[in-house]
Every structure is written in C-alpha cells, then in structure tokens.
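Have a look at the structure below, then the notes.
The values are calculated or read from the model by the stated rules, or taken from the named source; none is laboratory data. Owing to the predicted nature of the structure, the values given are computational and were not obtained by experimental measurement. Note that each Cβ is placed from the backbone with ideal geometry, even for glycine, and that neighbours are counted across all protein chains shown. Remember, those area values only see protein heavy atoms, side chains included, never the ligands or the DNA or RNA. Shrake-Rupley method; radii C 1.70, N 1.55, O 1.52, S 1.80 Å.
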Amino acid sequence: MNEQIRAREVRLVGPEGEQVGIVPLERALQLAADVDLDLVEVAPMARPPVCKLMDFGKFKYESALKAREARRNQQQTVIKEMKLRPKIDPHDYETKKGHVVRFLKAGDKVKVTIMFRGREQSRPELGYRLLRRLESEITDLGYVEAAPKQDGRNMIMVLAPHRAVKASAVAATASRGAPRDRAADESAPAADETAAVGETATAGDTGLAADTSGE
C-alpha cells in the first residue's frame with residue numbers, strides 16, 4: 001500500500017472502478033494524494049500489478065462488518081447419529097424415531113446406522129426395510145440425502161431436513177437469541193442414552209420380517 005509498493009509502474013483503477021491505465025508509480029501516488037485516498041495493490045501478481053485508489057481504513061471497516069454479518073447468518077451444519085438394530089423392539093423404534101424427528105425439526109442432519117451382529121449380517125434386507133420404513137415416516141420433515149449403504153457390519157443412511165424446516169428452525173433459534181445448536185445439543189444426551197439401550201435391546205420383532213437369527 002502507498003510507499004510500500006515496489007513496482008515501477010502500475011495499472012491504476014480509480015475510486016469508482018474506472019480504468020485509468022498504466023502509469024508510473026510516482027504518478028499513481030500523486031493522484032492518490034490529490035484526492036486524499038490510498039494507493040492499494042489489489043492484484044500484486046499481475047504484470048504490471050493492479051492498484052486502486054481507495055480509503056483503506058473505510059475499506060477495512062466495511063470488510064470487517066461484512067465478515068461479522070456473514071458469520072452471524074452462517075447456518076452451521078450439525079450431523080446427529082442414531083443407531084438401531086435390525087430387530088429393534090417396537091417401543092425402542094418409536095423412541096428413536098422421536099429423536100430423529102426432533103433433530104430434523106432442529107434443522108440438523110441425521111446419520112442413521114443399522115448395526116448387524118452375528119447371523120444378522122446375512123440378512124441386510126432387514127436393515128434396508130427398517131431404513132425405508134423410517135424414511136416413509138419422516139417425509140414431511142426431511143428427505144434421504146445419502147441412500148442406504150452397507151459399510152462392513154453397519155448400514156448407513158443420511159437424512160436431511162427440508163429447506164423450509166431448516167429455515168424455520170433457524171428463525172426460531174434467532175428469535176430466542178440462542179446459539180444455533182443449543183436446542184439440538186440439549187437433546188443429544190437423551191439420544192445417546194437411547195442409542196445405548198438400542199445396542200443391547202434385541203427382544204421382540206418389528207413385524208417387518210421374521211426373526212431367523214436364533215437370538
């Protein structure tokens with residue numbers, strides 16, 4: 001900026017964005033002094049470098065305001081996880097589905113993981129059917145962002161809230177003056193507890209498929 005510029009000549013841009021042309025550095029500095037502005041190098045790698053006449057202090061202030069506003073309006077993406085067993089008890093399923101609904105309403109994505117054990121691994125259709133059932137029951141709140149996919153002993157599907165649902169969650173959070181992820185974080189411990197229960201709960205059948213695992 002100003003006397004720190006080392007090029008002999010620069011391509012000068014006026015304060016309103018008008019092209020002045022290539023001028024000697026001394027001439028550009030004089031023009032800047034004449035209008036009480038700074039000579040700022042905006043494209044140092046160009047040949048010759050591009051400089052602009054501007055009020056650098058005002059530019060920094062406005063840039064800081066824009067950056068602050070962008071951070072304030074930024075929508076943080078949070079991914080929650082819900083774990084289920086392919087033969088989860090109906091009551092546990094409804095409880096976990098309730099947490100998925102809560103996460104989606106809060107504007108968060110949900111990674112749903114079906115955990116297979118033992119001979120359950122030979123019946124991936126059980127997990128697939130359970131994921132499709134969950135998908136059909138939350139269509140008013142979200143959609144499948146990543147289709148069910150087998151990953152070792154697990155089957156994973158990612159749900160995302162509809163744009164309108166997420167916008168509503170952001171607006172509600174903003175009206176309360178609370179941080180974006182507060183509501184979701186408050187519900188996370190309960191979700192973790194039910195996830196732990198789901199890992200050990202194998203009693204009963206969902207009625208989606210016959211229990212042939214022998215457990």
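Things to note:
- Near the amide H of Val78, within less than 5 Å, lie the amide hydrogens of Lys109, all on another chain or at least 5 residues away, with H placed in the peptide plane.
- Carbon-plus-sulfur accessible fraction, the range 92-132 (probe radius 1.4 Å, protein heavy atoms only): 50%.
- Compactness relative to 2.2 N^0.38 Å, alpha carbon Rg of the range 35-102: 2.43
- Sequence-ordered 3J(HN,Hα) estimates for the range 130-135 from the Karplus curve with 6.51, -1.76 and 1.60 and θ = phi - 60° stand at 5, 5, 5, 5, 4, 4 Hz, glycine and proline given as x.
- Nonpolar atom fraction for the range 1-74, defined as the carbon and sulfur part of the 1.4 Å probe accessible area, stands at 51 percent.
- Accessible surface computed residue by residue for the range 14-85, with neighbouring protein chains in place and a 1.4 Å probe, gives 68 Å² per residue.
- Point-to-point label distance, Glu26-Ala167, nm (Cα→Cβ direction, 7 Å offset): 5.9
- Peptides 84-91, 18-25 ordered by average Cβ neighbours within 10 Å, highest first: 84-91, 18-25
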